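Heads up: the structure comes next, in structure tokens.
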């Protein structure tokens, strides 16, 4: 079985891994992601890109990965007000890496709809070979139901470009939680855009006093956005969802429940959210101890992620081939 990873990230070419989150990630998860932590500190960007491309090349399960960056945060006048030094990689950076490794990456653009030349930039990136779009509106502080963005959505619909929208928690970058809900999908869907809701609407800290509920496998304690998204998948023919980063503990607890929602499987796509770290041995899913240990020994990060997912979605599951409905690859 070979599949496409619908959701992976390029980091900023100027990344230095200086933030506390980055230092923890490189120290504890660098090797597990197929990256030498020492080289990351010396040649961070090139080491990251080369290691990611090599892991895809050598993967048993992942043929290619859809790669995207994150555009900068802009104010309402289109003026830049923030550029995260780790996460913000521009679309031209993504295209350059995809051209360098055409057998490993499918480029997606990330264009903030507040850009004055957003529509022209969409066309330019399509000419550059981009096959999709990615929004991180919770970082941008952008309400996607702003009707001034309708021309942007109409452009995506006319060009047949799928749009990945972040839905659910975000811990790797400063963000505005009010722009993370399933409500952000409404106007793009109404405009006719083919939308992919990322992360299944899972992962928020909903219980602060009874914190254990955030890790509970009891469906009563799952995020409401998760249930809303399952309903919306049935209601909207142009809506899909991906399982990227679902091996994070506050999301992994829902894997068994999601595997049983068979009516939704034709609308769900496989994705990892590389390089977001994940754990195999210590997690909230229901895999036996020995199985966790065996999966944890898999060196390739894409294969390790896939091996865990295969325990819930077997190799004949449509989630591994649904990308064919959205991408001409």
Enter the Cα centre distance for the pair the range 293-308 and the range 48-62, rounded to the nearest angstrom.
-> 13
Give the calculated FRET efficiency between residue 99 and residue 294 to the nearest 0.05, with a Förster radius of 22 Å applied to their Cβ-Cβ distance.
-> 0.05
Under the helix-only model (-39500 (n - 2.57) for each DSSP H run of 4 or more, divided by the residues of the chain), the mean residue ellipticity at 222 nm, to 500 deg cm²/dmol, is -9000 deg cm²/dmol
By how many nm would the segment from residue 38 to residue 177 lengthen if fully extended, with 0.36 nm per residue of separation less the alpha-carbon distance?
-> 46.6 nm
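Return the FRET efficiency for the residue pair residue 266, residue 31: r is the Cβ-Cβ distance, R0 is 35 Å, and the value is rounded to the nearest 0.05.
0.45
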Expressed in nanometres to one decimal, the distance between label points 7 Å along Cα→Cβ at residue 57 and residue 127 is 3.1
Taking Cα pairs closer than 8 Å and at least 6 residues apart, the relative contact order of the chain in percent is 17
Taking 0.36 nm per residue of separation between residue 146 and residue 315 and subtracting their Cα-Cα distance, the length gained on full extension comes to 56.8 nm
State the label only: which of [x] 190; [y] 160; [z] 126 corresponds to volume of the Cα convex hull per residue in Å³ computed from the shown model?
-> [z]
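Laboratory data are not the source of any read-out in this text; all were calculated from the coordinates shown. All values reported here derive from a predicted model rather than from experimental measurement. Note that each Cβ is placed from the backbone with ideal geometry, even for glycine, and that neighbours are counted across all protein chains shown.
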